[in-house]
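**Q** Pasting in a structure now, in structure tokens, and then I'll have a few things to ask.
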Amino acid sequence: MPQIIDGKKISQDIKDELKLKVETLKKQGKPPTLAVIQVGQDPASTVYVGNKKKACEYIGINSLAFELSEETTQDELIKLVNELNDRADVNGILVQLPLPKHLDESIIINTIDPKKDVDGFHPISVGNLSIGQPGFVSCTPAGIIELLKRSNIEIDGKECVVVGRSNIVGKPMALLLLRENGTVTICHSKTKDLKEVTRRADILVVAIGKPNFITKEYVKDGAVIIDVGIHRNQVNKLCGDVDYLDVFDTVSAITPVPGGVGPMTIAMLMNNCVNAVDCF
């Protein structure tokens with residue numbers, strides 16, 4: 001029976017720890033504040049923003065919501081971000097992605113003060129990660145490291161394979177595993193003989209956006225699998241990038257979908273926001 005890595009419990013543990021930290025910060029007169037900007041009414045984004053507000057409320061982080069119309073111009077959005085950059089009472093700024101197509105996401109991300117970049121997307125944050133300097137780390141990869149560590153899964157010296165090379169998950173995930181002394185391989189759509197590479201992995205992180213793509217033929221006996229994907233299958237049931245039932249008897253540990261990686265993303269966003277008060 002493999003270990004089922006419980007992201008719900010681990011994320012709750014992190015939020016409870018943060019709640020105590022926030023109580024201390026408030027006593028010191030340094031309450032953390034997160035500003036969340038949403039442009040338009042994308043349904044998925046609305047759900048995510050709502051979950052972030054609930055997490056802030058639970059932990060005790062002040063939450064500022066800026067819900068802008070779909071027609072908001074780039075200059076108007078940049079003006080708002082700069083105003084929040086200048087506010088001493090705002091520790092973290094998050095612009096909910098994706099943005100409407102007429103807005104340039106890279107320009108908006110670059111406008112955020114790196115010291116308030118709690119999403120970890122700013123080039124300075126990414127650069128700090130790549131050279132081992134302190135800074136904010138993209139929340140999903142940071143959450144995966146916490147899942148592994150708090151599940152007593154050793155990374156040091158292990159063969160780690162990341163399937164997917166996105167800026168949000170794949171690339172920072174590889175850097176974080178490397179920082180933990182894993183031996184890291186990144187796979188992508190041009191990788192030749194993917195199965196041969198993934199079957200070497202002691203730890204396999206899958207973030208490719210293809211439902212049930214990874215089957216037991218891709219997995220070494222006793223591997224640890226972290227499934228970042230989330231989809232709805234033909235019967236409208238949530239599933240990941242990994243065929244959970246097919247690989248279940250092959251692996252030593254696995255994250256379920258839902259309830260694995262997903263809850264950790266918001267927990268680590270909250271962690272970044274609390275750390276923003278003192279760390280950088």
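Any read-out appearing in this document is the output of simple, stated calculations on the displayed coordinates, not a laboratory observation. Since we're looking at a predicted model, the values are computed, not measured. Backbone-built Cβ (ideal geometry, glycine too); neighbour counts: all protein chains shown.
**Q** Dipole of the chain (Lys/Arg Cβ +1, Asp/Glu Cβ -1, origin at the Cα centre): which of ILE4, THR185, THR198 lies farthest to the positive side?
**A** ILE4
**Q** Further question: Given the pairs LYS9/LYS220; LYS171/LYS195; LYS158/LYS210; LYS192/LYS237; LYS26/LYS52; LYS149/LYS220, which are separated by over 24 angstrom at their Cα positions? Let's see the in-between values first.
**A** On the way: LYS9/LYS220 27 Å; LYS171/LYS195 20 Å; LYS158/LYS210 26 Å; LYS192/LYS237 31 Å; LYS26/LYS52 20 Å; LYS149/LYS220 21 Å.
Checking Cα-Cα distances, LYS9/LYS220; LYS158/LYS210; LYS192/LYS237 exceed 24 Å.
**Q** Next question, about the same structure. Run the dipole for the chain about the Cα centre, Lys and Arg Cβ at +1, Asp and Glu Cβ at -1, nothing else charged, and hand back the magnitude in debye, nearest 20. Intermediate values should be presented prior to the final figure.
**A** Numbers: 32 positive and 36 negative charges, 77 e Å.
Here the size comes out at about 360 debye.
**Q** Write down the percent of antiparallel bridges among all DSSP beta bridges whose residues are both part of the range 29-115, to the nearest 5.
**A** On the way: 0 of 11 bridges.
Once the DSSP bridges in the range 29-115 are tallied, antiparallel ones form about 0 percent.
**Q** List the aspartates and glutamates whose Cα sits under 12 Å from the Cα of LYS21, skipping any in the same chain fewer than 8 residues away.
**A** ASP278
**Q** Which of ILE230, PRO256, THR111 sits closest to the plus end of the dipole of the chain, meaning its Cα is farthest towards the positive end, when Lys and Arg get +1 and Asp and Glu get -1 on the C-beta?
**A** PRO256
**Q** Assign unit charges at the C-beta atoms only (+1 for Lys and Arg, -1 for Asp and Glu), then state the dipole size of the range 29-115 relative to its Cα centre in Debye, rounded to the nearest 20. Could the numbers behind the result be given before it?
**A** Details: 8 positive and 13 negative charges, 95 e Å.
Dipole magnitude for the range 29-115 comes out near 460 debye.
**Q** Give the order of ASP249, ASP13 when sorted by the count of other beta carbons within 10 angstrom, beginning with the fewest. List each step's numbers first, then the result.
**A** Numbers: ASP249 10, ASP13 14.
Fewest-to-most Cβ neighbours within 10 Å comes out as ASP249, ASP13.
**Q** Sticking with this one: Under a 10 Å cutoff between Cα atoms, tell me which one of LEU147, LEU103, LEU177 has the largest fluctuation in the Gaussian network model of the chain.
**A** Of the options given, LEU103 has the highest mean-square fluctuation.
**Q** Pull up the DSSP beta bridges for the range 139-262 and report the antiparallel fraction as a percent, rounded to 5.
**A** Numbers: 2 of 18 bridges.
Just about 10 percent of them are antiparallel.
**Q** List the relative contact order of the chain as a percent without decimals, with contacts defined as Cα pairs under 8 Å and 6+ residues apart. Please list the in-between numbers first.
**A** Working: 550 pairs, mean separation 62.7, N = 280.
Reported relative contact order: 22 percent.
**Q** Percent antiparallel among DSSP beta bridges with both residues in the chain, to the nearest 5?
**A** On the way: 2 of 31 bridges.
Antiparallel: roughly 5 percent of the beta bridges in the chain.
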